[in-house]
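Scroll down for the structure; my scribbles are underneath it.
The values are calculated or read from the model by the stated rules, or taken from the named source; none is laboratory data. All of these numbers come straight from a predicted model, not from anything done at the bench. Every residue, glycine among them, receives a Cβ derived from its backbone with ideal geometry; neighbour counts consider all protein chains shown.
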Amino acid sequence: MKPAWQERLEKSISKNKRDAHSRYFQLATVADDGTPRVRMVVFRGFAGSEESSLLIITDTRSQKISELKSCPRVEIGWYFTHTREQYRLRCNSEIFLGSKGPQEQRGLVWSRLSEAARAQFFWKTPGEAEGSGDAPPLAETPPDTFAVIGFQPFSVDHLILSKQQIRTKSLIKAGVWSEQRLNP
Ligand SMILES: Cc1cc2nc3c(=O)[nH]c(=O)nc-3n(C[C@H](O)[C@H](O)[C@H](O)COP(=O)(O)O)c2cc1C
């Protein structure tokens, strides 16, 4: 059974789909020096109909990959402008790389990408001085630079900015979700 926060999040996504930016969320990681890093990413859907993992795609050469390897805990910040709702999801992460892990997710997500989105994984090393770095050889299949990351929430803070604000905290313990209303 889907947790209540996921039902609400799916409704928020659907009610805000007129705004292209409603598919973007902020992803915060922790760098090796213990300081935070945050960046925008595109939500690529949930891992499956039975799963609550949120999927994104990224380049394996990007900074966030090494950050996630040393600290797999992240926070996602997501604001829906039309319905004026904020979700803050604390998650564990799982990186689906080329060489290991289930290939289904990678293949499926890759097959849904536009040509332009695929092309970026054949560019030179992201984050290096312009023009330097290596570019992987062109291929039809997902290159090793292509990673899918799944974020599995364990704590969800949902704030609705209506006349009377509503704040709901959801927590999972021993596989069971519970919810509590908080003062906003
Ligand atoms: C609207 C928008 C959407 C983005 N979507 C993604 C994405 O889905 N995956 C990704 O890796 N980077 C995405 N980026 C780029 C990241 O914000 C970031 O610049 C890049 O991933 C490098 O981050 P890092 O060096 O911290 O790993 C997006 C940027 C913007 C502005």
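Identification of strands (runs of 3 or more DSSP E) wholly contained in the stretch 134-184 with 2 or more residues that are in contact with a strand residue (DSSP E or B) (Cβ under 8 Å, 6 or more places away or on another chain), over 25 Å from Thr29 (Cα atoms) and not charged (D, E, K, R) yields 176-182.
Pick out, from the stretch 22-127, the strands (runs of 3 or more DSSP E) lying fully within it that include 2 or more residues that are modelled with pLDDT of 95 or more and within 13 Å of the ligand (Cβ to nearest atom). Lay out the reasoning, then the answer.
Details: elements: 24-30, 36-42, 54-59, 73-80, 85-96.
Output list reads 24-30, 36-42, 54-59, 73-80.
When every residue of the stretch 31-41 is checked against the conditions, at least one turns out to be free of Cβ contacts under 8 Å to residues at least 60 places away in the same chain, touching a helix residue (DSSP H, G or I) at 6+ places or on another chain (Cβ under 6 Å) and hydrophobic (A, V, I, L, M, F, W, C).
Looking at Thr145, is it of a type in the set (Val, Ile, Thr), surrounded by 15 or more Cβ atoms within 10 Å (Cβ to Cβ) and in contact with a Gly (Cβ under 7 Å, 6 or more places away or on another chain)? No; evaluated as a whole, the condition is false for this residue.
Among (1) modelled with pLDDT of 95 or more; (2) within 28 Å of Thr145 (Cβ to Cβ), where does Glu10 come up short? In the conditions (1) modelled with pLDDT of 95 or more; (2) within 28 Å of Thr145 (Cβ to Cβ), Glu10 misses (2) alone. Among the conditions (1) without any contact (Cβ under 8 Å) to a residue 12 or more places away in the chain; (2) loosely packed, with under 15 Cβ neighbours inside 10 Å, Arg73 misses just one, which is (1).
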